[in-house]
Amino acid sequence: MNQMAALVDPMVPAPFRIERVKKELSDTFTLDLVPAERKRSISFLPGQFNMLYVFGVGEIPISISGDPGVGDKIVHTTRAVGNVTNAMWKMGVGQTIGVRGPFGTAWPVEEAEGSDVVIVTGGIGLAPLRPAIYQILANRQAYGNVCIMYGARTPEDILFRKELEKWRGQFDMQVDVTVDHATGRWGGKVGVVTKLIGRGGFDPHHTVAFVCGPEVMMRYAVDTLVERGVSEKDIHVSLERNMKCGIGFCGHCQLGGDFVCKDGPVFPFDAVADRFVIQEL
Amino acid sequence: MVQDMGLDKLIRDHPFFEGMDDEALELIAGCAANERFDAGQYVFREGQPADKFYMVRHGSVALEVRAPGRDSIVLQTCDDGDVMGWSWIVPPFRWKWDARATRLSRLVSFDAICLRGKLDADPALGYAMYKRFVRVIAERLAHARLQMIDLYGIGKE
Ligand SMILES: Cc1cc2nc3c(=O)[nH]c(=O)nc-3n(C[C@H](O)[C@H](O)[C@H](O)COP(=O)(O)OP(=O)(O)OC[C@H]3O[C@@H](n4cnc5c(N)ncnc54)[C@H](O)[C@@H]3O)c2cc1C
Ligand code: FES
């Protein structure tokens, strides 16, 4: 457990003040949170999540989407899909949110040094991967080719579009974006994100892949990566299960013999392959 | 007869033709030509005779359906390396959609009339080609299904 979690009781939410709200898409928003009581430095690893508590409504796991190199705030990007996320969507600057964490395993960003890195993601799945991308970019020369393959439902649903454009313009990584549905006004690619994998400029035998998105998308993405020759042990996926405690006590997020909150959410694919396709474990 | 050594090599190196013998490749290359389309230019239009199929060298071609009174709907784009079009092997040999270059695109076209004759006359070659197209069609079908299931939806709309 890292520094921030060690300082506090992991079951007691710390109050954080909303410093900034950014509307990203019609149903997706980013909150910048700062400690409400006393200033302290915040550290986390890319891929970890916090339990966010909307007082009087409920508590949910949300991945951290900010830059791990920036230690004075935490950033979360959330899609409003239900009770708690909709309540959060209505909150404004200055309001308080409870935070427990950071929890869970991280993308193996440092272990990937010396290899090509392939990031395959779709929809809101780009948010939990953004900290990994920041960390890779901060140490770009340590990696081989870096490819980001991102899929969204329509051009209007492309998350962090400006940043994707900026990364594409930097010439030191391949950024490919595709959408499932579009009209003739869209000048980019149309088709499933897995199609991008077949054409990606990476050496499958020296590649570490990070995959995050809806589970169906991840299954097909992993299949295609394996078909291209990437080993299952070098493919990492981030899984989602309903959570309560977030720290391995309650069993709510159990997946076979693992707890997604403690043993995950990021798993090497070979560790979860047998459970990946089985619904409702 | 091989029209263009560059073209011959391109065909030989393309994964679609992997495993084909030299004689077959030479026959196929004999039906091939380079074509260039500017952004916005149509490669083919719905209803026209499907007398070619294509391989995208560089660029992007949108397969789209025209819808009166609204913007056209793009079904998919064919990008670098993609093989495009199979209406040439399915009667009545007419294109089902429009294909429009979304940027400057260089394609290799294969003359279907020339090819159909060769495939009919040589069943082994016909089988080898059909096998490859079935793979492309199956992949497109799988992708179309994934596009259809609204992967990124919230699951209960
Ligand atoms: C480790 C982990 C990290 C996560 N990171 C993020 C993140 O960074 N950003 C983010 O937006 N979400 C993230 N989630 C998902 C998030 O926790 C859920 O969307 C949230 O718990 C929903 O709570 P709710 O009360 O708003 O919805 P509920 O009222 O519980 O659900 C309402 C309905 O919304 C739908 N729904 C619920 N969850 C999801 C979902 N994840 N995807 C699609 N539909 C859903 C279901 O149909 C459900 O019946 C993460 C989940 C986990 C386990
Ligand atoms: S949420 Fe309680 S064990 Fe994972």
#### Entry: Odd one out for A:Arg199, checked against (1) under 23 Å from the mean Cα position of the chain (by Cα); (2) at the interface with chain B (Cβ under 7 Å from one of its Cβ atoms); (3) under 21 Å from A:Asn145 (Cα atoms)
(1)
### Task
For segment A:116-143, enumerate the residues that are away from ligand 1 (no atom under 15 Å from the Cβ) and either within 22 Å of A:Lys195 (Cα to Cα) or assigned by TED's automatic domain parsing to the domain that holds A:Asp32 (or both).
A:Asp116, A:Val117, A:Val118, A:Ile119, A:Val120
### Message
Yes or no: segment A:119-131 includes at least one residue that is in contact with a strand residue (DSSP E or B) (Cβ under 8 Å, 6 or more places away or on another chain), within 16 Å of ligand 2 (Cβ to nearest atom) and in contact (Cβ under 8 Å) with a residue 60 or more places away in the chain.
### Response
no
### Message
Take the conditions within 16 Å of ligand 1 (Cβ to nearest atom), assigned by TED's automatic domain parsing to the domain that holds A:Cys147 and surrounded by fewer than 20 Cβ atoms within 10 Å (Cβ to Cβ) and apply them to A:Lys233. Does it pass?
### Response
no
### Message
Looking only at residues that are among the polar types (S, T, N, Q) and either within 16 Å of ligand 2 (Cβ to nearest atom) or assigned to a loop (DSSP other than H, G, I, E, B) (or both) in segment A:213-239, which one is farthest from the other protein chains (Cβ to nearest Cβ)?
### Response
A:Ser231
### Task
Can you tell me which residue within segment A:255-278, out of those that are more than 13 Å from ligand 1 (Cβ to nearest atom) and in a loop (DSSP other than H, G, I, E, B), is surrounded by the most Cβ atoms within 10 Å (Cβ to Cβ)?
A:Gly256
### Task
Only one of these is part of a strand (DSSP E or B) and in contact with a Phe, Trp or Tyr (Cβ under 9 Å, 6 or more places away or on another chain): B:Leu25, B:Leu75. Name it.
B:Leu75
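Per-residue answers, yes or no, for (1) under 25 Å from A:Arg40 (Cα atoms); (2) away from every other protein chain (no Cβ under 14 Å); (3) of a type in the set (Asp, Glu):
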{"position": "A:Lys90", "(1), (2), (3)": "no, yes, no"}
{"position": "A:Gly98", "(1), (2), (3)": "yes, yes, no"}
{"position": "A:Val120", "(1), (2), (3)": "no, no, no"}
{"position": "A:Gly144", "(1), (2), (3)": "no, yes, no"}
{"position": "A:Thr154", "(1), (2), (3)": "no, no, no"}
{"position": "A:Lys162", "(1), (2), (3)": "no, yes, no"}
{"position": "A:Glu165", "(1), (2), (3)": "no, yes, yes"}
### Task
Name the residue, out of B:Asp71, B:Asp8, B:Asp82, that is charged (D, E, K, R), surrounded by 14 or more Cβ atoms within 10 Å (Cβ to Cβ) and free of Cβ contacts under 8 Å to residues at least 24 places away in the same chain.
B:Asp8
### Query
Of the numbered conditions (1) in contact with a helix residue (DSSP H, G or I) (Cβ under 9 Å, 6 or more places away or on another chain); (2) within 14 Å of chain B (Cβ to nearest Cβ); (3) surrounded by fewer than 16 Cβ atoms within 10 Å (Cβ to Cβ), A:Gln170 satisfies every one except a single condition; which is it?
(2)
### Message
Cβ-Cβ under 9 Å, sequence separation 6+ or interchain: first residue in segment A:63-91 and farther than 19 Å from A:Leu126 by Cβ and not assigned by TED's automatic domain parsing to the domain that holds A:Val260, partner within 16 Å of ligand 2 (Cβ to nearest atom) and of a type in the set (Gly, Ala, Ser). Which pairs?
### Response
A:Asn83/A:Gly58; A:Val84/A:Gly58; A:Ala87/A:Gly58
### Summary
Given the conditions (1) in contact (Cβ under 8 Å) with a residue 60 or more places away in the chain; (2) within 14 Å of chain B (Cβ to nearest Cβ); (3) within 16 Å of ligand 1 (Cβ to nearest atom), every one holds for A:Asn242 apart from (1)
### Message
Looking at A:Gly198, A:Gly187, can you tell me which residue is farther than 24 Å from A:Glu110 by Cβ, assigned to a loop (DSSP other than H, G, I, E, B) and away from ligand 1 (no atom under 16 Å from the Cβ)?
### Response
A:Gly187
### Query
Among A:Phe210, A:Phe202, which is the only one that is in the same structural domain as A:Ile158 (by TED's automatic domain parsing), away from ligand 2 (no atom under 16 Å from the Cβ) and under 23 Å from B:Pro15 (Cβ atoms)?
A:Phe202
## Note on the structure
For strands (runs of 3 or more DSSP E) lying entirely in segment A:9-55, having 1 or more residues that are within 22 Å of A:Cys253 (Cβ to Cβ) and at pLDDT below 95 picks out A:14-25
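The values are calculated or read from the model by the stated rules, or taken from the named source; none is laboratory data. On a predicted model such as this, the values are computed, not experimentally measured, just so you know. Reconstructed Cβ throughout: ideal geometry from the backbone, glycine too, with neighbour counts over all protein chains shown.
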